[in-house]
Amino acid sequence: MGAYTNALLLLDRPVFEAAQEYGYSEPNLLLLSGKDEELHLNFPAVYEDIQSCAHNADARSPMDYARDLVASWVVEDWFLRLLREADCEASAVGSDRCRNILPGCVVSSASDFQVRYQGQELRVELLCDYTGFWRRHGKIDLRDAKYQHLRRERALVFGADALWQRAILLDMGEEIPGIVQVGSYKPYGGKPAVRVPCRDEEFFPLEASRLAERLHAKFLAASA
């Protein structure tokens with residue numbers, strides 16, 4: 001279940017309304033409102049770029065994949081606000097920071113955010129679970145390449161459990177026991193994945209104040 005269908009759980013309003021508030025472009029708004037023919041007619045280059053996304057789409061159509069992609073950007077912008085409420089300076093990084101769909105739907109493998117607090121800087125990746133899967137099964141599945149990049153960046157992973165309004169903060173710079181390599185993972189179109197264990201007691205309320213407590217502690221530890 002993707003961001004387009006489920007982002008409402010985090011945003012407390014339809015993703016289209018949030019995208020309007022955040023100043024998204026007309027092609028993105030047409031995509032989110034399901035006006036595919038109007039998008040094709042008025043923005044043929046964007047439409048063609050979306051059609052080139054088949055490799056990324058897994059089991060989805062290119063249009064549905066693009067809708068999920070834009071909705072995930074809206075969720076990222078929601079998270080940027082949450083980071084700022086946690087007294088951190090934060091900015092989106094990577095190839096999709098301008099919120100334009102690129103040919104082939106090129107998406108950076110770098111972490112989503114560059115976050116600063118009291119002179120220290122860390123990379124933070126946002127992950128979302130809209131079905132409660134993480135807490136039910138005690139695991140978070142990552143694409144293999146994403147896991148490797150997060151390890152190299154020594155990034156933090158902020159996982160938002162939208163269904164239960166809980167969150168988890170994982171430090172990919174630390175050794176996490178119980179990691180499992182998955183050679184072929186069906187939800188990722190048969191591509192390799194890495195299974196990261198998570199315990200229920202690691203989750204905390206999805207609130208800026210609770211995020212601030214944990215983020216600030218990580219920044220202080222990094223500066224020690």
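Would you be able to tell me the number of residues in the range 111-147 that are at pLDDT 90 or above and within 11 Å of the chain's Cα centre (by Cα)?
7
Whether any residue in the range 24-33 is farther than 26 Å from Ala167 by Cβ and part of a loop (DSSP other than H, G, I, E, B) is what I want to check.
yes
Please go through the range 148-178 and give me each residue that is modelled with pLDDT of 90 or more and of a type in the set (Val, Ile, Thr), ordered by number.
Val157, Ile168, listed by residue number.
Go through the range 179-202 and count every residue that is farther than 15 Å from Lys146 by Cα and among the β-branched types (Val, Ile, Thr).
Qualifying residue count for the region: 0.
Please give the number of the condition Pro177 fails out of (1) loosely packed, with under 11 Cβ neighbours inside 10 Å; (2) under 30 Å from Asp87 (Cβ atoms).
Failing condition for Pro177: (2).
Matching residues to (1) of a type in the set (Phe, Trp, Tyr); (2) under 20 Å from Ala90 (Cα atoms):
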{"residue": "Tyr117", "(1), (2)": "yes, yes"}
{"residue": "Val124", "(1), (2)": "no, yes"}
{"residue": "Thr131", "(1), (2)": "no, no"}
{"residue": "Arg143", "(1), (2)": "no, no"}
{"residue": "Arg166", "(1), (2)": "no, no"}
{"residue": "Asp171", "(1), (2)": "no, yes"}
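Could you list, in sequence order, the residues of the range 15-25 that are within 18 Å of Tyr65 (Cα to Cα) and open to solvent by 60 Å² or more (accessible area, probe 1.4 Å)?
Matches in the range 15-25: Phe16 only.
Could we say that Leu41 is at pLDDT 95 or above and either hydrophobic (A, V, I, L, M, F, W, C) or within 23 Å of Glu125 (Cα to Cα) (or both) here?
Judged against the criteria, Leu41 is a match.
Show me the strands (runs of 3 or more DSSP E) entirely contained within the range 148-224 in which 1 or more residues are in contact (Cβ under 8 Å) with a residue 24 or more places away in the chain and over 30 Å from Gln118 (Cα atoms).
180-185, 191-197
Could you check the range 35-56 and list, in sequence order, the residues that are open to solvent by less than 50 Å² (accessible area, probe 1.4 Å) and either among the polar types (S, T, N, Q) or in contact (Cβ under 8 Å) with a residue 24 or more places away in the chain (or both)?
Selection gives Asp36, Val46, Asp49, Ile50, Cys53, Asn56.
Can Phe203 be described as aromatic (Phe, Trp, Tyr), open to solvent by less than 40 Å² (accessible area, probe 1.4 Å), in contact with a Lys or Arg (Cβ under 6 Å, 6 or more places away or on another chain) and closer than 27 Å to Trp78 by Cβ?
yes
The values are calculated or read from the model by the stated rules, or taken from the named source; none is laboratory data. It should be emphasised that the depicted structure is a prediction, and the values quoted were computed from it without experimental measurement. Cβ sites come from the backbone with ideal geometry, for glycine too, and all protein chains shown count toward neighbours. We work out accessible area using only protein heavy atoms, side chains counted, and drop any ligands, DNA or RNA first. Shrake-Rupley method; radii C 1.70, N 1.55, O 1.52, S 1.80 Å.
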